[in-house]
Amino acid sequence: MLANLSELQKEISTSCAEFAQKRLKPIRSEYDEREEFPLELLKEFAQMGFFGISLPEKYGGLGGCITELSLAIEELSKVDSGLSLPVATSALGAIPIMLYANDKQRDKWLPSIASGEKLAAFALSEPQAGSDATAQKTTARKEGNSYILNGVKHFCSSGNISDIYVVFASTDPKKGARGISAFVVEKGTPGFKFGKKEKKLGIKGNPTTELYFENCIVPAENLLFNEGFGLFVLQETFDYSRPGVAAQAIGIAEGALSETIPYLKQRQQFGQSIASFQAIGHEIAEIYTRVESARSFLYDITTNMDKDFKPAFDKAIENKTTLREELKKISRKRWTKYSAMIKYLASETAFHTAEKCVNLCGGIGYSREFPVEKFMRDAKITEIYEGTNHIQKNEIAAQVLKEY
Ligand SMILES: Cc1cc2nc3c(=O)[nH]c(=O)nc-3n(C[C@H](O)[C@H](O)[C@H](O)COP(=O)(O)OP(=O)(O)OC[C@H]3O[C@@H](n4cnc5c(N)ncnc54)[C@H](O)[C@@H]3O)c2cc1C
C-alpha cells in the first residue's frame, strides 16, 4: 500500500518508525502506569524535526503537508499514541494559524512551532461546550489594543506542556455561533493558568488539562483573521486535522496487530499454534482487511488534499495573504465530508481491531504485562476527540443528503 512514497515521505516514515522503536517502546508501559509525560521527549522530537513536518521550509519546517504529517503520526502511534501525541497536537494548534494567520502572524509563530521551541495546542472545548462547540462561555472583550479573556477550557491535549494556544472565545455573545473568534494566547500571558489534569482511560502519557483565563490580556494583534470568524476557523481546522486522528487510529490498529500476530504464531494449544486455527485466521483476515482499507482511504484523501493545500500555501506566502483566501481561489471544495468519513472509519476500525486483538490473545491480552490492552484503551479516544463519531456521522449525512 502507498507504494509511491516520495523521498521525503520515506524519510519521515522511517525516522518516526525507528525513533518510536528506540525511544518510545522501552518506556511506554512505565509512563502509561505513571500517567506522566517525560518532558525530555519534547527536545528529542524537536531534534528529529517532527514538529515541522507539515510546515513550509520558509518557516524552518520540512516542507511536508497533511500526508507527511499523517505518515509520521501513524508510525509513532504504532508504538505509543500517548507519548507521541505532542507531535499531533502541535500540528493541530498550528493548522488554524496556517489557515487564518496573516503574513506577520505566520512569521511570529510558525518558526518557533516548526523548530519545536514552542508547542502549539488547540483549546476549543469547555465544560458546557463539547459537541456543541458553539456554546462557548469564554468571552473576549475588546479594550483598546487588547482583548480581555475570561473563561475555562477543559480537555486540552498536551495542555500544560504547550506554549502557543489557539483559544476560541465569544467576542459577541448576542451573535451566538457567529460571535465566536479565535485568538492565539501564549503561555505566561498574565491571567492565563493551567487547571487540573484529567485521569484517563488511555493515552495516559499525554497531559489533558484545564486552562483558566481570568482577565487575561491578549494583544488585539493575536486575533486570527476577523472577529466572528471563529466557527470557520474551527471547522476548517478539523477538515485538515481529522486525517491526523485517523492516522493515529490506524497506527494504533497496526501496533495491536504487530504485537498480536507473532504471539498467535508462537502460542501453542491443542498441540498446534493458535494462529493455525481457521477461526483465528479468519478473524485476522477480517481485521487486517479493514485496517488496510482504512489506510488506503486515508492516504487517498490526504494526497488529494495536499494537491490544493501546498500550492495555496506557497501562494499565500508569495502574496502575503492568508492560506484560506488562496485555497478559496483554487477551489471552493471543502474536505469536511472526507475528513469526517476517514476519522469515523479509522477510529472504529482501531477500537474494533484492538478489542479483537485482546480477545485473540486470551488472558495475556487482558494483562497489563502485554501491550495489547493498552492499544485498546488508547484507541477509544480516536472515536471521541475532534468530534465524536455521532458528530462525524451528522456531518457526513448532512453533506450526502445535500448531494442527492
Ligand atoms: C483525552 C481528551 C483529549 C481532548 N483534547 C482536546 C483538545 O486538545 N482540544 C479541545 O478543544 N478539546 C479536546 N477534547 C474534547 C473533545 O473534543 C470532546 O470531549 C468531544 O468533542 C465530545 O464532547 P463532550 O465530551 O462534551 O461530549 P458531549 O458533547 O457531551 O457528548 C456526549 C454524547 O452525546 C452525543 N451527542 C452530542 N451531540 C450530539 C448530536 N448532535 N447528535 C448525536 N449525538 C450527539 C456524543 O456523540 C456523545 O456520545 C479532548 C477530550 C478528551 C477526552
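The values are calculated or read from the model by the stated rules, or taken from the named source; none is laboratory data. What you see is a predicted model, and the numbers here were worked out from it, not measured in a lab. We place every Cβ from the backbone using ideal geometry, glycine too, and count neighbours over all the protein chains shown.
Evaluate segment 65-75: report whether one residue or more is over 14 Å from Ser241 (Cα atoms) and either within 18 Å of the chain's Cα centre (by Cα) or not in a helix (DSSP H, G or I) (or both). Show your work before the answer.
Taking segment 65-75 as the starting set, the residues that turn out to be over 14 Å from Ser241 (Cα atoms) are 75.
Then keep just the ones that are either within 18 Å of the chain's Cα centre (by Cα) or not in a helix (DSSP H, G or I) (or both); that gives 75.
Yes, segment 65-75 has at least one match.
When you scan segment 365-372, do you find a residue that is more than 15 Å from the ligand (Cβ to nearest atom), more than 25 Å from the chain's Cα centre (by Cα), part of a helix (DSSP H, G or I) and not assigned by TED's automatic domain parsing to the domain that holds Leu83, even just one?
yes
Name the residue, out of Ala312, Ala247, Ala316, Ala253, that is surrounded by 19 or more Cβ atoms within 10 Å (Cβ to Cβ) and within 30 Å of Ala135 (Cα to Cα).
None of the other options fit; the residue is Ala247.
May I ask you to list the residues in segment 277-296 that are surrounded by 14 or more Cβ atoms within 10 Å (Cβ to Cβ) and of a type outside the set (A, V, I, L, M)?
As a first pass, look at segment 277-296 and keep what is surrounded by 14 or more Cβ atoms within 10 Å (Cβ to Cβ): 277, 280, 283-284, 287-288, 290-295.
Matches in segment 277-296: Phe277, Glu283, Tyr288, Arg290, Glu292, Ser293, Arg295.
Do any residues in segment 162-178 that are farther than 12 Å from Thr139 by Cβ have Cβ atoms under 7 Å from those of residues that are within 12 Å of the ligand (Cβ to nearest atom) and of a type in the set (Ser, Thr, Tyr), where the two are at least six apart or on different chains, and which pairs are they?
Every condition considered, the pairs that remain are Gly176/Thr134; Ala177/Thr134.
Would you check which residues across segment 250-281 are under 22 Å from Ser347 (Cβ atoms) and among the hydrophobic types (A, V, I, L, M, F, W, C) and list them?
Ile250, Ile252, Ala253, Ala256, Leu257, Ile261
For Lys199, are the conditions met, namely being free of Cβ contacts under 8 Å to residues at least 40 places away in the same chain and either assigned to a helix (DSSP H, G or I) or surrounded by fewer than 24 Cβ atoms within 10 Å (Cβ to Cβ) (or both)?
The answer is no for Lys199.
Across segment 375-385, which residue is farthest from the chain's Cα centre (by Cα) among those that are near the ligand (Cβ under 6 Å from one of its atoms) and touching a residue at least 12 places away in the same chain (Cβ under 8 Å)?
The extreme case among them is Ile381.
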